[in-house]
Amino acid sequence: MLSAIPRARKSLGHLVLVLFAVILSACVPAGGPSTGPGTATGSVQVALLIPSGSGSGTDELFGRNLENAARLAMADLSGVTVDLRVYKTGGSPAQARAMARQAVDEGAKIILGPFYSEEANAAGAAVAGDGVNVLAFSNNSDIAGGNVFVLGQTFDNTARRLANFAVRNGKGRILIVHDQNVAGTAGRAAIERGVAAAGGSVVGTSSYEFSQNGIVQAATGIAQTARSSGASAIFLTATTDGALPLVSQMLVENGVDRSATQFIGLTRWDIPAATLALPGVQGGWFAMPDPGLSNQFQARYAAAYGAAPHPVAGLAYDGIAAIGALVRQGKADALTASALTQGAGFVGVSGIFRFLPNGTNERGLAVAQIRNNQVVVIDPSPRSFAGAGF
């Protein structure tokens, strides 16, 4: 058993770095050294902004996981030295602004983090005039743009992936069902864009007040709309820690036939694992990162730190890995927006990803289905941005 752990560590690092080399050798030409903002040679100073210091146990957990994962990524780099400086923001936009300013004054060429979207906005604004880019851990597309890039899996990315798969599999007449809150409204808009891009049709939109009573009262009408609209799929914005357990069950109890109408989730339906046993989600589709790479990362992290990583940890690994891959090429202006947004992208611990010029990202996602309380991958993650799945 013990001998398997070093092999797992080596295989993860080797796989990620080999794929980086293959992808980047064709799209990031070598260049001379430079020392201006956004530039680096074989060594780079990176500021990691984490939410620790707020007094919140959750923020401490996030911060610890992000720093641990960043250091794992640094250990996997070859030919690059990362000088990682850690700054605690306490989850505060004002503190994030001050720490970003301090980091750049102390020599940082790029900022990894912060965690919350309001912090990322503040940090980006603080250093925009210095030509320093911010790779935020947020998945909020609204803050992306300018010198702020988001690393988190966005609603648009997920919606496009699932809508394309649905249309290809005869489930292109879609009823959107969303929470009446900010996230639900944003999710609805992302699904609308994804369905349109995939060539499907939104045959209706239904919503519910974000409460137990609101869901119960709305369920009958939603089920009726599903039947009268001829929807072949219901695309839900609900989360596992929010409305999903109740709304999925209420739709089934109100006569939605899952053999004819496919349930699709905008969010992860496998976290926590207890969700997989819910009757209402059986047969449902959702998108997830490449499970093979994710499992390798989880095993390595647990071996190094004695606990499973929080799902956010992989974002810090991906950020360091992308930075390292660009710097390793020796290209002048390696960390500018044009370099970060090169089309072939990067390979991280969750699969392929790339930054887009608008500051958002695309990630290669697998489509999974819940069958008999288990997750089954029914369409694997793409291995390149030229392959299936995009």
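Every number in this text was worked out from the coordinates using simple rules, so none of it is lab data. If you're wondering where the values come from, they're calculated on a predicted model, not measured in any experiment. Reconstructed Cβ throughout: ideal geometry from the backbone, glycine too, with neighbour counts over all protein chains shown.
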* Within region 108-146, find all residues whose amide N lies under 20 Å from a label point positioned 7 Å from the Cα of ASP83 along Cα-to-beta-carbon. => 108-113, 127, 130-135
* Residue by residue, what Karplus-based ³J(HN,Hα) values in Hz, rounded to whole numbers, does region 105-116 have, using 6.51, -1.76 and 1.60 with θ = phi - 60° and x for Gly and Pro? -> 4, 8, x, 5, 9, 7, 10, 9, x, x, 8, 8
* Structure fact -> For ALA334, other-chain or 5+-apart residues with amide H closer than 5 Å (H placed, Pro excluded) are ALA40
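So if we plug the beta-carbon distance of ALA125 and ARG383 into 1/(1 + (r/R0)^6) with R0 = 25 Å, what FRET efficiency do we get, rounded to 0.05?
Once rounded, the FRET efficiency stands at 0.10.
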* Asked: Each residue of region 85-100 in turn: what ³J(HN,Hα) in whole Hz from Karplus with 6.51, -1.76, 1.60 and θ = phi - 60°, glycine and Pro shown as x?
  -> 10, 9, 10, 9, 9, x, x, 9, x, 5, 5, 4, 4, 5, 5, 4
* Asked: ILE191: net charge of surrounding residues, Cβ under 15 Å, Lys/Arg +1, Asp/Glu -1, itself excluded?
  -> +3
* Structure fact -> If amide H atoms are modeled at 1.01 Å from N in the peptide plane, then the residues at a separation of 5 or more from TRP285, or on another chain, having amide H under 5 Å from its own are PHE263, ILE264, GLY265
* Asked: Here are some values of semi-axes √(5λ) of the Cα gyration tensor in Å: [x] 30, 29, 19; [y] 37, 22, 20; [z] 36, 25, 18. Which one was computed from this structure?
  -> [y]
* Asked: To the nearest 20 debye, what is the magnitude of the charge dipole of the chain about its Cα centre, counting +1 on the Cβ of each Lys and Arg and -1 on the Cβ of each Asp and Glu?
  -> 920 debye
* To do: Choose one of ALA126, LEU49, LEU315: the residue whose Cα lies farthest towards the positive end of the charge dipole of the chain (beta-carbon charges +1 Lys, Arg; -1 Asp, Glu; about the Cα centre).
  => LEU315
* **Percent antiparallel among DSSP beta bridges (both partners in the chain, rounded to 5)** => 35 percent
* For the chain, what's the relative contact order in percent, using C-alpha pairs closer than 8 Å and at least 6 residues apart? -> 21 percent
* Asked: So if R0 is 22 Å, what FRET efficiency would SER201 and SER259 give, r being the distance between their Cβ atoms, rounded to the nearest 0.05?
  -> 0.55
* Asked: Just from its helices, what would the mean residue ellipticity at 222 nm be for the chain, if runs of 4 or more DSSP H residues each count -39500 (n - 2.57) and the sum is divided by every residue, rounded to the nearest 500 deg cm²/dmol?
  -> -13500 deg cm²/dmol
* Work out from phi, with θ = phi - 60° and the Karplus expression 6.51 cos²θ - 1.76 cosθ + 1.60, the ³J(HN,Hα) of each residue of region 216-227, listed in order in whole Hz, and give x for Gly and Pro. => 4, 5, 8, 4, 4, x, 5, 4, 5, 5, 4, 6
* How do THR154, THR261 line up, fewest other C-beta atoms within 10 Å first? -> THR261, THR154
* Sequence-distant residues sharing a close amide H with TYR208 (under 5 Å, placed H) -> HIS178, GLN180
